[in-house]
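Just below is one structure, and these are the notes that go with it.
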């Protein structure tokens, strides 16, 4: 119930901010279709929404809004006090989620500025995605919501928002996914040889070009795991062969997660 209440408050705030945004927009703003306005036909209907691209200042304004949201989101996502404590896969992936939601929020605000009533539509869609759709982790949910609001932009013919947001979103995903974060888990090594095995695997993993984010050791279960940031060019089969060449006393069963 608390989460639902916070979501309702957020949507109401977005709706309330749309009025002053239109008042301050001046000359360069997107003009929504009024209820009594006659529908366009023919070539006019096809060109509707694209005419905004002739206003270079409006297009620049849209791009700057999205980039500023991304920049401010990055300031929070990559706060030094949180990055120093990164030791798990979830902590490492969290900034990607925050950046994606920053872009989503900016696009939502731009849609609500044009059509305030769309705040309730977006709220309803968000509820369906959250409770009725299995889309994976939070990062994937952010992508699903982003393409959803982009679809709303296209349906409302707010192409001057949809196109820049798509380009910025594509570049953002490309940059964030250049490296792959995952876990290399090793089990079956005797407790007495665990420390030596950790050092041996540590050397091989770094030699393959991976950055080790953290190491988790469980002596009772006779297993240890490396949280790694691997390049997209990682040759998993080659690294597995290197693991198998280790001495029997330190060689364990390797399990790959997300790699």
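Every number here is computed from the coordinates shown, using simple stated rules; none is lab data. The shown structure was predicted, so the numbers you read here are calculated from the model rather than taken from an experiment. Glycine gets a Cβ as well: all are built from the backbone with ideal geometry, and neighbour counts include every protein chain shown.
Some points to look at:
- With Rh defined as the Kirkwood radius, the inverse of the mean 1/r over Cα pairs, the Rg/Rh of region 180-257 is 0.93.
- Pairwise centroid distance, computed over Cα atoms, of region 136-173 with region 210-251, Å: 36
- Cα gyration tensor, region 216-259 - rounded (a/c under 1.5), prolate or oblate: oblate
- Computed extension gain for residue 256 through residue 203, at 0.36 nm per residue and net of the alpha carbon distance, reaches 17.4 nm.
- Subtracting the Cα-Cα distance of residue 237 and residue 178 from their residue separation scaled by 0.36 nm leaves 19.3 nm.
- Burial order of peptide ranges 193-205, 233-245, 165-177 (average beta-carbon count within 10 Å, highest first): 193-205, 165-177, 233-245
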